[in-house]
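One structure is given here, and the rest of the page talks about it.
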Amino acid sequence: MGGRTELASISGTVSGAHPGQQIVIYAKTDQWYVQPLMRRPFTAIGTDGQWQASIHLGLEYAALLVNPGFTPPVKLAVLPPVGGDVVAIGYAGPDRVGPAPSPKTLHFSGYDWTTRKMESPRNGQWNIYDPDNVWTDSNGALHLKISRRSGIWTCAEVYLTRSFGYGTYRFTVHDVSQLGPIPAFSTYTFDERSANLNYREIAIELSRWSKPDNKNAQFVIQPYYISENVARFTAPAGSLTNSFLWQPGRVSFTSQRTAAGKSHALPVAEHVFTSGIPTPGTETVHLNLSIPVGHLGEPRETEVVLDRFEYLP
């Protein structure tokens with residue numbers, strides 16, 4: 001699951017706050033989720049009593065004035081009552097939030113892409129995303145990197161803000177045999193407004209999922225825990241062109257390799273899914289390089305390079 005990417009800005013004023021007290025913000029969708037990040041749940045109060053934060057969009061918002069001893073849960077079905085370390089609670093509707101600062105965007109393969117900055121639970125693991133881990137080079141290729149800064153591992157993701165629907169999606173990636181057993185590189189569609197439709201996710205994922213003997217690639221129609229929705233294969237060294245053709249009731253996946261000195265592509269894997277196929281909605285294409293849940297050992301700096309992305313109606 002990718003997690004929401006839309007952000008907003010929220011602010012407020014506290015009267016009579018004591019030294020050490022802070023604000024904890026929750027946004028409500030299906031439950032209350034701490035904001036802006038699970039690893040950074042506190043918002044400081046200025047000397048004038050004002051505070052401001054960027055948050056994920058929700059249906060309702062709550063700002064808790066808390067004492068230093070308060071430990072914020074990541075998500076709650078019901079907010080805690082006032083008392084103990086919760087000094088006060090203020091509520092706001094969606095009309096009380098404003099636009100967040102503009103995210104970093106870049107141009108790749110003829111399209112504009114937005115870089116993820118907020119955390120995401122992609123592949124079951126909460127990761128921090130750094131826009132500096134994404135860039136294009138002088139040849140127009142897109143680079144995504146997992147890097148370690150100030151002792152923290154950060155990942156990379158970009159996504160389109162437009163939706164295509166049915167058609168062919170094609171991704172050409174450099175040699176990924178250096179990925180190792182831990183990282184996961186995913187090219188996928190995702191509709192954050194359609195949780196009941198498994199987010200309309202259609203994915204091609206390159207990873208061994210921390211198991212060195214695993215096949216290193218898979219085609220996926222969500223939900224992945226249904227065995228018929230996953231087709232694993234071994235991606236060889238060298239440049240790969242992975243694609244899927246999304247049609248009503250059918251998704252056809254292919255993976256091909258261009259060998260040195262060959263004028264034509266060599267087939268690597270093919271698979272057709274005809275069950276549980278989503279219909280188009282507001283899904284967009286995401287490119288994600290992250291650290292999955294359950295990884296064994298210490299991650300390492302990893303880089304993936306995409307030569308191009310193509311969409312054909």
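The values are calculated or read from the model by the stated rules, or taken from the named source; none is laboratory data. Because the structure is a prediction, the values reported are computed rather than measured. A quick note on method: Cβ atoms are made from the backbone with ideal geometry, for glycine too, and the neighbour counts reach across all protein chains shown. Calculation scope for accessible area: heavy atoms of the full protein, side chains included, ligands and nucleic acids excluded. Shrake-Rupley method; radii C 1.70, N 1.55, O 1.52, S 1.80 Å.
Exactly one residue among P81, P94 is in contact (Cβ under 8 Å) with a residue 12 or more places away in the chain and either out of contact with any helix residue (DSSP H, G or I) (no Cβ under 6 Å at 6 or more places or on another chain) or closer than 30 Å to H174 by Cα (or both), and that residue is P94.
Restricting attention to the stretch 264-281, the residues that are exposed (fewer than 15 other Cβ atoms within 10 Å of the Cβ), over 18 Å from E201 (Cα atoms) and not acidic (D, E) total 3. Looking only at residues in the stretch 1-16 that are surrounded by fewer than 18 Cβ atoms within 10 Å (Cβ to Cβ) and either of a type in the set (S, T, Y) or modelled with pLDDT of 90 or more (or both), the one that is nearest to the chain's Cα centre (by Cα) is S9. At pLDDT 90 or above and more than 25 Å from T284 (Cα to Cα), is that true of A62? When the stated conditions are applied, A62 passes them.
Per the conditions (1) in contact with a strand residue (DSSP E or B) (Cβ under 6 Å, 6 or more places away or on another chain); (2) open to solvent by 40 Å² or more (accessible area, probe 1.4 Å); (3) modelled with pLDDT under 90; (4) closer than 21 Å to E192 by Cβ, the sole criterion not satisfied by K75 is (3). For the criterion of being exposed (fewer than 15 other Cβ atoms within 10 Å of the Cβ) and within 22 Å of the chain's Cα centre (by Cα), P223 passes. Taking the condition open to solvent by 50 Å² or more (accessible area, probe 1.4 Å), more than 30 Å from Q222 (Cα to Cα), among the hydrophobic types (A, V, I, L, M, F, W, C) and not in a loop (DSSP other than H, G, I, E, B), does V24 pass? It is false that V24 is open to solvent by 50 Å² or more (accessible area, probe 1.4 Å), more than 30 Å from Q222 (Cα to Cα), among the hydrophobic types (A, V, I, L, M, F, W, C) and not in a loop (DSSP other than H, G, I, E, B).
Within the stretch 57-68, the set of residues being more than 19 Å from G84 (Cα to Cα) and open to solvent by less than 30 Å² (accessible area, probe 1.4 Å) comprises G58, Y61. Among the residues making up the stretch 226-244, a single one is open to solvent by less than 20 Å² (accessible area, probe 1.4 Å), of a type in the set (A, V, I, L, M) and under 19 Å from T274 (Cα atoms): A231. Filter the stretch 197-220 down to the residues that are surrounded by fewer than 20 Cβ atoms within 10 Å (Cβ to Cβ), more than 18 Å from the chain's Cα centre (by Cα) and on the phi < 0 side of the Ramachandran plot and list them by number. Selection gives R208, K211, P212, D213, N214, K215.
Applying the criterion of being part of a loop (DSSP other than H, G, I, E, B), modelled with pLDDT under 95 and not hydroxyl-bearing (S, T, Y) to the residues of the stretch 192-214, the residue that is farthest from T254 (Cα to Cα) is R193. Number of residues in the stretch 291-313 that are among the aliphatic types (A, V, I, L, M) and farther than 17 Å from V134 by Cβ equals 3. Of the residues contained in the stretch 282-294, one or more are found to be open to solvent by 30 Å² or more (accessible area, probe 1.4 Å), of a type in the set (G, A, S) and at pLDDT below 95.
Would it be correct to say that D95 is modelled with pLDDT of 95 or more, surrounded by fewer than 15 Cβ atoms within 10 Å (Cβ to Cβ) and outside any loop (DSSP other than H, G, I, E, B)? No, not satisfied.
Being at pLDDT below 80 and open to solvent by less than 90 Å² (accessible area, probe 1.4 Å): is that true of V134 here? Against the criterion (at pLDDT below 80 and open to solvent by less than 90 Å² (accessible area, probe 1.4 Å)), V134 does not qualify. Comparison of R148, R170, R162, R116 shows that the only residue that is under 17 Å from the mean Cα position of the chain (by Cα) and surrounded by 12 or more Cβ atoms within 10 Å (Cβ to Cβ) is R116. If the condition is being of a type outside the set (D, E, K, R) and more than 16 Å from E205 (Cα to Cα), then the stretch 296-313 contributes L296, G297, P299, Y311, L312, P313.
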